[in-house]
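Values quoted throughout were computed directly from the atomic coordinates according to the rules given, and no laboratory measurement underlies them. Every value quoted in this text rests on a predicted model; they were computed, and no experiment measured them. Note that each Cβ is placed from the backbone with ideal geometry, even for glycine, and that neighbours are counted across all protein chains shown.
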Amino acid sequence: MDHDIEQACHDLLLRLAGRLPDGMLWRYRDWLGSGAVTAIARILPKSLLKQGIDVDETEYELMMACLVPYGADHHAVSSALGVDGARPRGYTFSGSAPERMNNVDPVSDVIHAALRGRPDVGEVRQSWRYGGTAEEPEMKRVLLVTALTGLPRLGAELQRVLRALGDEEPGVEVIAPESEVGEYHRAALANSTLLCAGAVEARHRVVAA
């Protein structure tokens, strides 16, 4: 797969975090990590219309760049363009783990073991998201990982780890250093705790302001 198309698709899904239902988002990211852009192109635009999710101009351009070349319905892509495309859902975030965990968190231990000192990985942070819909949990773990290369594949890998540990719809946000992120990620980063760090120097951080 062309690297630019892969990155555009990753950026598109990153921007849709907090707006696209968790069950859809993790699946699209899993497909992207496996190189299955054709499946994303066929289904994502129609999913956005069905969910009533408008995209903004930047997201529209990303869809044109990474989905239309792989068979996305041009009319569906155009129909998703709206004036309120960037509006996220009303989530809140906390850096504190739920009390019920009683200081025992096997997920954090596994992530720490997998990513501590890993090449091309920077900070690995964790936040707890609250305010789910009827279809989503009221409380959800969100991992926030900075990485230099292989972002889609790293995200898919971590999703599989979390699913093996019991999180059926994992929230894994893999972000390039110095990226400008939207409201959803800014709120999560501002209310997060550091789990560990990879081998990338600390100066490589996501722009959260």
Magnitude of the Cβ-charge dipole of segment 92-197, K/R +1 and D/E -1, about the Cα centre, nearest 20 debye? 260 debye
Quote the relative contact order of the chain in percent (integer), defining contacts as alpha-carbon pairs under 8 Å separated by 6+ residues. 24 percent
With a 10 Å radius around each residue's Cβ, average the other Cβ atoms per peptide and rank 192-200, 122-130, highest first. 122-130, 192-200
Determine the principal axes of the Cα atoms in segment 92-197, then give the extent along each, sorted from largest to smallest and rounded to whole angstroms. 35, 29, 22
Which label belongs to the value computed from this structure, given these candidates for mean projected area of the Cα convex hull in nm²: (i) 11.0; (ii) 11.9; (iii) 15.0? (i)
Is there a quick way to get the dipole size of the chain? I mean about its Cα centre, with the Cβ of Lys and Arg at +1 and of Asp and Glu at -1; what is the value in debye to the nearest 20? 420 debye
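Helix-derived [θ] at 222 nm for the chain: sum -39500 (n - 2.57) over DSSP H runs of at least 4, divide by residue count, nearest 500? Please report the intermediate quantities before stating the final value.
Numbers: 8 runs with 89 residues, N = 209.
About -13000 deg cm²/dmol.
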By Kyte-Doolittle mean hydropathy of at least 0.0 and Cα axial length of at least 15 Å, which whole DSSP H helices of the chain are selected? 37-51, 151-164
